[in-house]
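Values quoted throughout were computed directly from the atomic coordinates according to the rules given, and no laboratory measurement underlies them. Computed from a prediction, not measured in an experiment: that's the story for all the values here. Note: ideal-geometry Cβ built from the backbone for every residue, glycine included; neighbour counts use all protein chains shown.
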Amino acid sequence: MLKLTIDNKAVEVPPGTSVWQAAKAAGIDIPTMCYFEGSEHFTSCMVCLVKDGASGKLYASCSTPAEEGQVVVTNDQETHEARVAALELLLSEHVGDCEAPCQLVCPAHMNIPLMNRLIAAGDFAGALKVVKRDIAIPTILGQICPAPCEAGCRRKQVDEAVSICLLKRITGEEDLNCETPYWPEIAAPTGKRVAVIGSGPAGLSAAWYLQLGGHQVTIFEKDGRAGGDLLKIAGDVLSGEMMEKEIAYILSSGIEILYRKEVDETSFAKIVEEYDAVVVAVGTLKEGIPSFGLTRGAQGIVVEKQSFLTTTPKVFAIGNALRSSKLAVRSAGQGKEVAAVITDFLKTGSVKPYQERFSSKFGKLADIEFEQYLKDAEPTARQQSGREGFSREVAMVEAKRCMHCDCRNPESCLLRELSDRYQVSQRRFSSPDRKMVEKLIHREGIVYEPNKCIKCGICVRLTKQHGEEFGFTFIGRGFDVKVGVPFNETVQKGLSKTAAMVAKNCPTGALAMFREEEQM
């Protein structure tokens, strides 16, 4: 056995073990993107850099064998900075959006392309699950939202935007009209109590996600019905019947609501004392609406950016109480976000900002690139709808117009996960001239986007190991090298047996399941 030291920890491993494997055996995490268990070493990503404790030199841990007496440093400032630089170099040539522009501009940050793919496949129940991750009231918002997401839709630059709001609406209506509506998993009771003041879009959303988090929520509503400002437009642009159904559904999660409970500064102080956290969602602070002694600015209650914490400990404020807006989806999105902040606060005792994940962006499409995205979309014109919204059949046709500008592998992409962990900048080594978007569709399994590839060689090794006739290989030399199928053959020819396997093991979204919804 070889004896070495990793981060001041004595480690013993058999000869032939790499430094990366030795660290893993000792419970020490070293990131890597090109290492693949059971295959030959292929050092390319340089994310696994560690330092020789004696010489101070950096080297790749995945391909360096462990040696007797070796001293390895994996977690100092220099190794951290080296990994950041390695990731930023990989990102400098990465042409792909983690999230589609429509999702980025949606105030609730909903995964719109995935919803569209599920609707296009006729899986309305699956689409609802996607919507409910971020939007508690899709039926209501599907009727009243001015659709800022559609302004970001790239299909708009071809003809007209996809009717995202109506597609979201039908997922909610389908669910509310069925005998057994979908219920997300509710966490085990935490024993914590949260008060929500107000039952408009912000209050209802916060209450819903907090209740799903295992906390007991009590809503204090000054009127005799829940809905806040929604009640003013019910029967006009908003179906009163569907609004009542959706609100009843949310409350049936176990939320307690106390009607005709006018909260003043005295009763507010008592609520703060009795509950573990309080959410103020009272709507626009017009004359006569109290702010409960909370600090007010020119537009509304003052809160910490991204955490919604007011100047009073454990009291948060969201929605129009911060700034008057006609975007109910903005208030609903803040309800989801404050629920996540409060859940973490009740668990850890400290308030931290709501953090969005790292998201790669490459900017506007050149005219020639739309052709690549249209490979994945139907050429149909935008479907028209009356007050009643879409039928299932029309919704499926409309959903197929989506160009799927997102990454098909956004949740398990290792490049994204590490970029998030190391808080990298995509612009540090970026060039003004980027490579053009290219999509190669393998209809039996995957979509291949060569310019998302980091040249880790995993697909090359896998197709070789499993005897693909053509497989994937490295084409070209130097900076111009790329991964593709030799002899200009198609992706179908290259991945006749291993399509699902290579997609599953690709550390980015370069090779991804064509229909990732089948993996949900």
Taking the C-alpha atoms of segment 306-347, convex hull volume expressed per residue in Å³: 57 Å³
Pair Q384, A151: separation of 7 Å Cα→Cβ label points (nm): 2.6 nm
A269-I441 pseudo-label distance in nm [points 7 Å out on the Cα-to-Cβ vector]: 6.5 nm
Cα gyration tensor shape of segment 351-442, rounded if a/c is under 1.5, else prolate or oblate by comparing a/b with b/c: oblate
For the chain: Kirkwood Rh in Å [reciprocal of mean 1/r, alpha carbons]: 25.6 Å
Amide N proximity, segment 211-236 versus R260 label position 7 Å along Cα-to-Cβ, cut-off under 14 Å: 221-226
Cα shape, segment 279-424, gyration tensor, a/c 1.5 rule: oblate
Positive-end residue of G191, I233, G476, charge dipole of the chain with Cβ unit charges: G476
Segment 433-519: proportion of alpha-carbon pairs further apart than 18 angstrom, %: 36 percent
FRET efficiency, I289 to A125 (Cβ-Cβ, R0 45 Å, nearest 0.05): 0.65
Amide H contacts under 5 Å for S18, placed H, 5+ residues apart: A66
Stokes-Einstein D for segment 2-75, Kirkwood Rh over Cα pairs, 20 °C, 1.002 mPa s (µm²/s): 177 µm²/s
Packing-based exposure ordering (other Cβ within 10 Å, fewest first) of M513, M403, M436: M436, M513, M403
Residues of segment 373-417 with amide N under 17 Å of the 7 Å Cα→Cβ point at E160: 378-391, 394-403
Rounded if a/c under 1.5, otherwise prolate or oblate - segment 193-348, Cα gyration tensor axes: rounded
Dipole magnitude of the chain about its Cα centre (Cβ charges: Lys, Arg +1; Asp, Glu -1), debye to nearest 20: 580 debye
Ellipticity estimate at 222 nm from DSSP helix runs (n ≥ 4, -39,500 (n - 2.57)) divided over the chain, nearest 500: -9000 deg cm²/dmol
Other-chain or far-sequence residues with amide H under 5 Å of I219's (modelled H): V196, E256, I257, L258
Equivalent-ellipsoid semi-axes of segment 131-219, from the Cα gyration tensor, Å, largest first: 30, 15, 12
